[in-house]
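To start, the structure under review is shown below, and the notes come after it.
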Amino acid sequence: MTTQFGLPWSDEDCDKILALSQEGKTLEQIAEIMGRKAGAIRTKLKRLRPGVSLKRVSWSKEEKALLINLKENARLGWSEIAVRLGRPSGTCYSKYKYLKHIGSTGPRIQTTNGLMIPEQVLAERERRQSAPLTISAYVLGDPPRGYSALDRKREGASA
């Protein structure tokens, strides 16, 4: 089918995407059938059914494991991974980076404003804030002792 990017929507097109959506087809599947972009389908469905949410499907544990396996073991590119998972490549990339970040930061603590911050980050923040300031650091806004680039360079040279 030829692509119809930028063309106006006919009444038949609207009826067809509503029917395909009610059959349970994904936005990407409807886009392929209609010869349009998934974003255009999403926007049109939102306008046709304003009360219906078009949130994306959550990732299952199996999909997450398959994503990591395909990237690390099979060493596939993002476009190939996207085809195998039936998701956009940008979504796969973002989910992979998020999963790798979560795994590398360890347990998280929820703060009062609802953010989930890794324990390591909170411990380092507490250590920096409790470090004593010299008069020049207080007046000039210098970092506490041990936290400047020069201090780190000196530590590296002495070790």
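If you stretched the chain out fully between residue 46 and residue 134, how much longer would it get, using 0.36 nm times the residue separation minus the C-alpha to C-alpha distance?
Values: separation 88, 0.36 × 88 = 31.68 nm, distance 5.89 nm.
Contour length minus the Cα-Cα distance gives 25.8 nm.
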**Segments 119-129, 24-34 sorted - mean Cβ within 10 Å per residue, highest first** = 24-34, 119-129
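May I ask for the net charge around residue 79, where only other residues with Cβ less than 13 Å from the Cβ of residue 79 are counted and Lys, Arg are +1 while Asp, Glu are -1?
Within the 13 Å Cβ shell, the charges total +2.
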**Complete:** In whole percent, the Cα-Cα distances of the stretch 61-105 spread across 5 Å bins from 0 upward as 5, 25, 37, 24, 7, 2
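If R0 is 25 Å, what FRET efficiency do you get for residue 15 and residue 57 from their C-beta distance, rounded to 0.05?
That pair, residue 15 with residue 57, gives E of 0.55.
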**Request:** Multiply the residue separation of residue 28 and residue 152 by 0.36 nm, subtract the distance between their alpha-carbon atoms, and state the gained length in nm to one decimal.
**Result:** 39.6 nm
**Prompt:** Under a point spin-label approximation (7 Å from Cα along Cα-to-Cβ), what is the residue 126-residue 89 distance to one decimal in nm?
**Reply:** 4.4 nm
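Read-outs: derived from the displayed coordinates by stated rules, not from any lab. Predicted model only: the values in this text are computed from it and were never measured. Quick reminder, even Gly has a Cβ in these numbers, built from the backbone with ideal geometry, and neighbours come from all protein chains shown.
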